[in-house]
Every structure is written in C-alpha cells, then in structure tokens.
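For reference, the structure is listed below as structure tokens.
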Amino acid sequence: MKYILILLLGLLLGAGAAVFFLGTPRAKAVPGVAVKTPDPSGDPAATVVVSLSNSFFDGLLGSIFKDLGPPSFQLGNLAQPPAGEIRHAVFQSGCTSTITLAPGDSNAKTQVQFANGKISAPLVFSGTYNLAGNCIQLKGWAQTTIDLSFDASRQTLYGRVNVEGVNLENAGAFAPF
C-alpha cells in the first residue's frame, strides 16, 4: 500500500512539475475577425447573404458517409515513428491508432446544429489507440463547437473545432485506479 501511495504522489508531483516548467499547450490564434450572428436591423447595402440550414449539412454528411466513406484521422505518431527513430519492440504492434467518424449510434448522431448563435457538432466515432503496446478500442461521441473567423485582407474564412466533451463507452479502460 505504501508503494502505491508513493507512486501516486510521484505521478502527481511529476505532472505538476511538467505543467509548471512546460506550461499547458495552447492553440494558435485564428487569424481574422470572429464571425458574428446577423445584425437584427438588416444588412448593409451591397451585402451578399448565404444561408445554409441544418438539412443542407445533414444531406452533405449523408453523402460523405455513403459515397466517400467515413473520414478517418491518425492519432499521434505512436503507430509509425518518424524516420530514423528506433522503437522498442514493446511499442510495435498492428494497432493503427486511428479514429473513424460514424453517422451515428444509439446514443448520438453526427450532425451540425445551429442554435443560440453557435455552431455545434456532435461527432460519433470509433477507433483504436496504441498505449504502451496495448491496443485500446475506442467508441463514443464528442460534443464540439465550431468558431469561424474571416480575414478580409486574404478573403479567407477560417474555422476552429473546439472539443467541449468526450463521452466514451467502456471508459473503465482508461481509469486503472
């Protein structure tokens, strides 16, 4: 019992020191000015308004999943080390460390929603993650919001996806204590 307490104390102190010396990771600022909701008094002259509804994105997502296949994303660099790096055999496996988006499951549906001046998008996913040689199966959904900004000088619309929460099925695999 004494060794477990020392281990936990060491983990807490190590994590605290890492945050103190290295800081917490921060995303770069998105260029441009944040896109705001329309002015209720009306649009100024010579303004072009493009309106997209939820049903447009439902059709777009349906076409992507049906015709192009579910999008997949690589998680970190654990599956394939950079060129010239030697990995110990314990970290090598057939685990791909990828996440694949899904149209939906019994708990949630991948969709885009417009409400209260915000764009939110629940994303259903499944995949695998290589953690110290163990292939962990992931399945669940993430609640995300999308922030848009417009850079007038470049005539470019930027978007940032913010993950507000992740709901994992069988989350006990990540909580060994």
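A single member of SER63, SER72 is open to solvent by 60 Å² or more (accessible area, probe 1.4 Å), among the polar types (S, T, N, Q) and at pLDDT 85 or above, and it is SER72. In the range 82-91, the condition of being modelled with pLDDT under 80, more than 26 Å from ASN162 (Cβ to Cβ), open to solvent by 50 Å² or more (accessible area, probe 1.4 Å) and of a type in the set (Val, Ile, Thr) is met by at least one residue.
Scanning the range 58-81 for residues that are assigned to a loop (DSSP other than H, G, I, E, B) and either of a type outside the set (A, V, I, L, M, F, W, C) or free of Cβ contacts under 8 Å to residues at least 40 places away in the same chain (or both) yields GLY69, PRO70, PRO71, GLY76, ASN77, GLN80, PRO81. Against the conditions (1) touching a Ser or Thr at 6+ places or on another chain (Cβ under 6 Å); (2) not in a loop (DSSP other than H, G, I, E, B), SER55 satisfies every one except (1). Inclusion of VAL124 among residues that are surrounded by 15 or more Cβ atoms within 10 Å (Cβ to Cβ), touching a helix residue (DSSP H, G or I) at 6+ places or on another chain (Cβ under 6 Å) and either at pLDDT 90 or above or within 19 Å of PHE56 (Cα to Cα) (or both) is not warranted. Listed by position, the strands (runs of 3 or more DSSP E) inside the range 93-177 whose residues that are closer than 21 Å to PRO31 by Cβ number at least 3 are 134-151, 156-168.
The values are calculated or read from the model by the stated rules, or taken from the named source; none is laboratory data. This structure is a prediction, so every number in the text was calculated from the model and none was measured. Glycine also receives a Cβ, built like all others from the backbone with ideal geometry; neighbour counts cover every protein chain displayed. For accessibility, only protein heavy atoms count, side chains too; no ligands or nucleic acids. Shrake-Rupley method; radii C 1.70, N 1.55, O 1.52, S 1.80 Å.
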